[in-house]
1. Angle between the Cα long axis of helix B:95-116 and the longest principal axis of chain B, 0 to 90 degrees, nearest 10?
2. Taking amide H atoms as placed 1.01 Å from N in the peptide plane, list the residues 5 or more away in sequence, or in a different chain, whose amide H sits under 5 Å from that of B:R90.
3. So, counting K/R as plus one and D/E as minus one, what does the shell of residues with Cβ under 12 Å around A:P48 add up to?
4. Just the projected area, averaged over all directions, of the convex hull on the alpha carbon atoms of the protein assembly as shown: how many nm²?
5. Please work out whether chain A counts as rounded, prolate or oblate from its C-alpha gyration tensor, where a ≥ b ≥ c are the square roots of the eigenvalues and a/c under 1.5 means rounded, while otherwise a/b larger than b/c means prolate and anything else oblate?
6. How far, in nm to one decimal, is B:S121 from itself in the other copies if the label point is set 7 angstrom along Cα toward Cβ? Shortest first, please.
7. Could you work out the relative contact order of segment A:2-118? I mean the mean sequence separation of Cα pairs under 8 Å and 6+ apart, divided by the number of residues, in percent.
8. Put a label point 7 Å from Cα along the Cβ direction on B:T63, then list its distances to the equivalent points in the other copies in nm, shortest first.
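Nothing in this text is a laboratory measurement; each read-out follows from the coordinates by a stated rule. Values in this document were obtained by computation on a predicted structure and should not be read as measured data. Don't worry about glycine lacking a Cβ; one is built from the backbone with ideal geometry, like all the others, and counts go over all protein chains shown.
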Protein chains: 2
Amino acid sequence: MESVREELQLFVRRLGLLNASCCDECCGQQVSMAQSHILSEIRRRGSPSMQRVAEELGMDVTTFSRQAKGLEGKGLIMRQVAPEDRRVSRLGLTDEGTQVLEQIDRYMVDKLEQIFSSLTSFERETVVKSLGLLNEAVAKSGCCTQRDKTIACCK
Amino acid sequence: MESVREELQLFVRRLGLLNASCCDECCGQQVSMAQSHILSEIRRRGSPSMQRVAEELGMDVTTFSRQAKGLEGKGLIMRQVAPEDRRVSRLGLTDEGTQVLEQIDRYMVDKLEQIFSSLTSFERETVVKSLGLLNEAVAKSGCCTQRDKTIACCK
DNA sequence: ATTAATAGTTGTAAAGTGCAAATAACAATA
DNA sequence: TATTGTTATTTGCACTTTACAACTATTAAT
């Protein structure tokens, strides 16, 4: 299990770097990695509230508030006061935001294809299946989800 | 491949959070995640130079310089002028640094065991093997390693 | 009506970041 | 040897990110 920990740490670190470099490469440095994660998360959920997204990203709400403002300023996201509760802002991607996100995705997919190209198709299948298993396992374990106010991971 | 990208992004994000929370939980908030990565990397290599570590972590050398100073101040790492080239500082973990790192490792291993506990032993084997494959593939692809001055990932 | 809870925003201060420029040591060469 | 170029690390500076505390606006509970 020790070796798994090491293996994971390396992998996560490297993929983080890869993701970061994709971000500033493709859209003329206008989007940081944190911001790209925000965009992804907004797309993943339908039109989530600020809290919701901040929570999923393990980010303080106040920090998120500023980031959101930044993204809105860049015209990548928009907010709408929720009719059923006027305290909450529902977030959504603008067309430009959608495009930027797709651009980042393309870059990443491209790099991933480079990475996967050294695998046999059997290995590739195994790896893909494993990723699914891993994410499920993380979800089941309850790690990395909010629990009674204390943020994110396993507190 | 799209789905792989999404799967990976989620996974990397969550594991990053997990790692971060392990860092500030176990050793009384004295070590940030970036710093824990520095410690890991110093242990992984024998007694690397500053450049070496900064490079592997995709961190600007100047930023790294400050972080290293901080860690030295906390008594977690030490530096030694390399006899063969007095420009370079060789980094090493102090006893305390080693202990702190081991503590973080234990926390992470613990969480990982929780996560893996929902897998069958066959699945677990598959996943472990896949992680190895992935890291190899990343290394082979040349992504995430320095290339002519431009840092880290695939530039 | 009043009090409590919740979603979001700012003030402020600390930490992290990278670029440019400086220092120090080494390397190459005239 | 003196000079010029290169490399490893450090500092000055400006900018961003971050979180805690305190605030506003809205809803819920009594």
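1. 10 degrees
2. B:Q80, B:V81, B:A82
3. Details: positive: A:R43, A:R44, A:R45, A:R52, A:R79, A:R90; negative: A:E41, A:E55, A:E56.
Spelling it out: positives minus negatives among the neighbours equals +3.
4. Working: hull surface 68.9 nm².
Taking a quarter of the hull surface, the average projection is 17.2 nm².
5. Numbers: a/c = 2.14, a/b = 1.36, b/c = 1.57.
The shape class here is oblate.
6. 3.3
7. Details: 102 pairs, mean separation 29.6, N = 117.
Once normalised by length, the contact order is 25 percent.
8. Shortest to longest, the spacings are 1.4 nm.
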